[in-house]
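Below you'll find the structure, written out as structure tokens, and then a few comments.
Quick note: the coordinates plus some simple rules give every number you see, no bench work behind them. Computed from a predicted model, the values in this text were never measured in an experiment. Here the Cβ positions follow ideal geometry from the backbone for every residue, glycine too, while neighbour counts run over all protein chains shown.
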Amino acid sequence: MSPARESYYRNLFRIAAAYDGLLGIVFLFFPGRAFDALGIGDKAPKFGGYVALLAAFVFVIGFAYFLISRGDLRRNLDLILVGVVYKLAYCAVAVYYSFSEYLPHWVFGALFGGLDFIFFVVIAECYFYLKREPGS
């Protein structure tokens with residue numbers, strides 16, 4: 001792998017780590033403010049444990065992306081695949097619920113779902129590149 005491509009992938013995972021880490025922290029510690037800022041404060045669950053658990057999971061995934069960014073990309077291929085599946089699942093759920101009666105708000109699907117779809121595409125590209133590269 002060329003040094004430029006390796007740097008690109010490492011930066012990709014650093015950005016994904018920062019994005020998911022920040023989202024996880026915000027929704028873990030400030031869920032009411034986050035929902036209010038999105039204009040969906042009335043849609044926040046009454047029991048905050050649901051949001052806290054999901055936020056903690058998002059933070060952990062961000063931490064995993066950080067570990068991928070500093071490790072051997074080829075040896076982390078299985079973790080990269082988990083990241084691909086996670087991003088696909090996240091954007092699919094976000095888009096589905098943005099069009100449902102439960103959360104009729106474009107931010108959830110368009111912003112978070114859209115950003116995660118972009119991450120899905122570029123992380124999947126990384127996975128398939130590493131998978132077919134000689135020595136994999």
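Assorted remarks:
- Computed from backbone phi with θ = phi - 60° and the Karplus coefficients 6.51, -1.76 and 1.60, the 3J(HN,Hα) list for the stretch 32-47 is x, 5, 5, 5, 5, 4, 7, x, 10, x, 6, 9, 5, x, 5, 8 Hz; x is used for glycine and proline.
- In percent, rounded to a whole number, the relative contact order of the stretch 1-128 is 25, using alpha-carbon pairs under 8 Å and six or more apart.
- Around the Cα centre of the stretch 10-126, unit charges on the Cβ atoms of Lys, Arg, Asp and Glu (plus for the first two, minus for the last two) sum to a dipole of about 320 debye.
- Taking each DSSP H run with n ≥ 4 as -39500 (n - 2.57) and averaging over every residue of the chain yields -24500 deg cm²/dmol at 222 nm.
- For the stretch 3-132, alpha-carbon Rg relative to the globular expectation (2.2 N^0.38 Å, N residues): 1.11
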